[in-house]
Amino acid sequence: MNELAIHLNDMINKYNPHVFELLSDLGKKLYYPKGILSQSAEAAKKATRFNATIGIATEKKVPMHYEHIQETLSEYAPEDVYPYAPPSGKLTLRNVWKQKLLRDNPSIQENWMGLPITTNALTHGLSLAADLFVDENDTIILPDKYWGNYQTIFHVRRGGNLKTFKLFDDSDTFNVPSFRECLLQQKDAGKAIVVLNFPNNPTGYTPKESEVQGIISVLIEAADAGINLAVILDDAYFGLFFEDSVKESLFGRLSGIHTRILPIKVDGATKENYVWGLRVGFITFASDCPNILEALEHKTNGLIRGTISSSSHLSQSVILRSLQSSKFEEEKCKKHMILKRRATKVKEIITREKYKRAWGFYPFNSGYFMCLKLNQVDAEELRVHLLNQYGVGTIAINSTDLRIAFSCVEEEDLEELFELIYLGINDIVSNRVSNDDSFYKNLT
């Protein structure tokens with residue numbers, strides 16, 4: 001093992017052996033190499049005459065570029081577009097994002113929070129967390145309503161076993177007892193990776209304050225029972241809170257509450273700020289020990305350096321300018337209200353008496369989505385029928401659940417959307433009855 005990796009491991013083990021035990025075999029091997037990038041960083045500060053280090057081309061002390069590209073990006077200096085960004089991201093952007101997190105999450109204590117590390121959006125951030133902490137046959141605990149890509153990230157790539165608990169109880173609130181039962185089953189293993197995604201994809205649910213207290217109590221109970229926990233907060237849709245839910249990430253609530261609990265926040269501008277294609281996300285660690293935060297940052301930077309090298313410099317510059325804009329908060333509020341009105345309209349439509357036989361629905365109070373619970377037909381059969389017969393696209397989660405992204409349907413079109421879904425259900429039911437009658441007549 002490289003001596004730099006050994007040094008980082010020793011640092012983590014010295015200050016919190018439970019975090020060291022959470023690391024995967026790959027996580028233990030990771031380090032940030034002293035090579036071209038570190039030498040270039042040193043040269044950037046001291047090479048006042050000539051800097052012949054980093055592998056880019058310059059012209060008249062400006063990064064070399066095509067004018068036909070730059071003319072479309074005239075608002076940005078070439079230095080903010082063409083050079084490599086550091087593996088950890090633009091430092092100014094990381095600091096601005098940290099200040100945003102502190103404003104948005106009052107429970108976060110700044111001295112217990114690492115500097116956010118830039119990722120190539122959230123999937124990359126989740127994959128970094130998986131590489132750092134998931135070994136083959138480790139258990140990943142998550143609700144039974146989860147984003148399908150978790151399978152690839154945690155199971156296919158890393159060999160972890162996904163174990164689910166029921167997200168909702170009979171009262172349509174977060175099922176704390178099911179979460180507790182699932183988590184405490186890992187006592188013999190002594191380790192678990194917990195993934196909590198609020199607002200939830202696919203249901204659009206964020207828990208209320210009383211439910212959050214239950215979640216935290218269970219995590220502390222599991223930690224007291226000797227289970228080391230890497231708690232990944234997938235905050236992809238953070239901030240899109242419409243009703244009676246907590247209005248901040250669990251990241252701040254979990255920071256520093258137990259030596260066996262390592263909170264990891266994965267978030268980004270992609271969905272929060274409606275810039276999906278720019279692919280700018282962040283991964284942030286929490287610990288009451290600066291040495292732990294430093295070591296985890298070095299390991300994460302080494303992992304980024306060994307995979308994508310660094311994220312898009314231009315995308316980071318665009319996001320930085322947006323966050324610093326005087327119009328940011330005003331426009332953010334406007335877009336939030338549009339989505340809130342759509343969510344409110346959806347709730348009014350789907351609860352009409354006309355539709356009660358056709359579907360129920362899971363609680364939703366935030367995010368981009370809601371999920372119908374179909375009473376009469378198979379979700380995949382309905383999905384295909386809606387697509388072929390009515391040109392309506394939806395997502396079948398399983399045999400009963402149909403996900404609707406109201407985020408991409410205008411408010412004035414929502415009534416038509418759900419009426420077409422209702423017609424599709426009636427088509428399938430009517431066809432089934434017709435076929436049953438034909439079958440009976442043939443028998444007689």
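The values are calculated or read from the model by the stated rules, or taken from the named source; none is laboratory data. Since the structure is predicted, the reported quantities are computational estimates derived from the model, not experimental observations. Ideal geometry is used to build each Cβ from the backbone, glycine not excepted, and the neighbour counts take in all protein chains shown. Accessible surface areas use protein heavy atoms only, side chains included; no ligands, DNA or RNA. Shrake-Rupley method; radii C 1.70, N 1.55, O 1.52, S 1.80 Å.
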Leading residue by the ranking (farthest from G302 (Cα to Cα)) among those in segment 76-92 that are among the charged types (D, E, K, R) and within 28 Å of the chain's Cα centre (by Cα)
D80
Which of the residues belonging to segment 218-249 are open to solvent by 10 Å² or more (accessible area, probe 1.4 Å), in contact with a Leu (Cβ under 8 Å, 6 or more places away or on another chain) and part of a helix (DSSP H, G or I)?
E221
By residue number, the members of segment 58-98 that are at positive phi and in contact with a Ser or Thr (Cβ under 6 Å, 6 or more places away or on another chain) are G89
Cβ-Cβ distance below 6 Å, separation of 6 or more or different chains: which pairs start in segment 266-277 with a residue that is surrounded by fewer than 24 Cβ atoms within 10 Å (Cβ to Cβ) and end on one that is hydrophobic (A, V, I, L, M, F, W, C)?
T270/A121; T270/W276; K271/A236; E272/F238; V275/A269
Residues (touching a strand residue (DSSP E or B) at 6+ places or on another chain (Cβ under 8 Å) and charged (D, E, K, R)) located in segment 259-308
R260, K265, D267, E297
Can you say whether S88 is outside any helix (DSSP H, G or I), closer than 21 Å to F251 by Cα and of a type outside the set (F, W, Y), as far as the supplied structure shows?
yes
Subset of segment 392-432 (residues that are outside any helix (DSSP H, G or I), without any contact (Cβ under 8 Å) to a residue 60 or more places away in the chain and either open to solvent by less than 60 Å² (accessible area, probe 1.4 Å) or over 25 Å from H336 (Cβ atoms) (or both)):
V392, T394, A396, N398, S399, T400, L402, I404, A405
Quickly run through segment 74-108 and pick out the residues that are acidic (D, E), more than 10 Å from L320 (Cβ to Cβ) and buried (at least 17 other Cβ atoms within 10 Å of the Cβ).
D104
Go through the residues of segment 136-157 one by one and say whether even a single one is buried (at least 23 other Cβ atoms within 10 Å of the Cβ) and assigned to a loop (DSSP other than H, G, I, E, B).
no
Single residue of N111, N120 found to be open to solvent by 50 Å² or more (accessible area, probe 1.4 Å) and either under 14 Å from the mean Cα position of the chain (by Cα) or not polar (S, T, N, Q) (or both):
N120
Conditions: (1) outside any helix (DSSP H, G or I); (2) over 19 Å from the mean Cα position of the chain (by Cα). N201 meets all but one. Number of the miss?
(2)
What are the residues in segment 164-184 that are surrounded by fewer than 19 Cβ atoms within 10 Å (Cβ to Cβ) and within 22 Å of V19 (Cβ to Cβ), if any?
L184
In segment 223-248, residue nearest to N161 (Cα to Cα) [restricted to those that are in contact (Cβ under 8 Å) with a residue 40 or more places away in the chain, among the small types (G, A, S) and out of contact with any Phe, Trp or Tyr (no Cβ under 6 Å at 6 or more places or on another chain)]
A225
